[in-house]
1. Ranked from the most accessible area to the least, with a 1.4 Å probe and all protein chains present, what is the order of I108, I158, I67?
2. Rounded to the nearest 0.05, what FRET efficiency do L83 and S104 have when you use their Cβ-Cβ distance and R0 = 35 Å?
Amino acid sequence: SVVIFGRLAQGVDAAPALAEFASVAAHSALPGSDPRMQPQVVGFAYTQVPGLSGGPKGSPEWVAFEILALVILLVACANVGMLVFARTVNRSGELSVRTALGASRARIVSQVFVECLVLAVVASGAGLALLAAVLRLLWRVLPAALTSAAPWWIDWSIGPGTVVHALVLAGVSAVAAGVVPALRFTGRSVQ
């Protein structure tokens with residue numbers, strides 16, 4: 001087998017590259033060669049991880065890991081969301097009194113949103129700090145043979161994209177757990 005490394009031009013998909021390789025292979029087939037031998041275009045990262053065909057994201061182990069991580073995150077998010085939601089619901093008497101004393105609906109909703117947003121941002125920061133500590137610990141605990149064999153492009157740090165996603169999710173959770181119940185309770189009649 002012949003392995004060739006190349007880089008696709010900006011915005012070019014793998015399908016045209018595969019078609020071009022198939023055309024070259026059809027013209028350069030040797031007499032008596034196995035017709036099942038066909039060119040393949042795969043990402044460079046997939047060729048560097050031994051034992052995985054189709055890359056790490058195609059393996060059953062990776063899919064099982066992603067499902068497990070998603071379930072754990074959903075359970076944790078649901079628990080925290082329910083606690084914040086219950087806290088807001090328990091404040092319905094306070095919200096009614098504040099409305100009766102003249103606080104506007106927008107002021108009450110914005111206060112509840114800011115409280116929930118602060119809690120969500122602090123929780124996101126704690127989660128990111130914990131993730132960074134676990135990644136550093138994992139990198140130290142892994143055997144040296146495994147860490148030296150890891151491809152050079154794997155970055156074990158938390159990038160700005162992860163931080164932005166965490167902050168966006170914190171905002172969404174603040175809206176879901178704070179603004180929605182506050183709107184519900186401030187929309188009622190004071191009596």
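1. Details: I108 0, I158 50, I67 100 Å².
Largest to smallest exposure gives the sequence I67, I158, I108.
2. On the way: r = 27 Å, r/R0 = 0.78.
Calculated value: 0.80.
The values are calculated or read from the model by the stated rules, or taken from the named source; none is laboratory data. Note that the coordinates shown come from a computational prediction; the quantities given were computed from them, not determined experimentally. Note that each Cβ is placed from the backbone with ideal geometry, even for glycine, and that neighbours are counted across all protein chains shown. Only protein heavy atoms, including side chains, enter the accessible area calculation; ligands, DNA and RNA are left aside. Shrake-Rupley method; radii C 1.70, N 1.55, O 1.52, S 1.80 Å.
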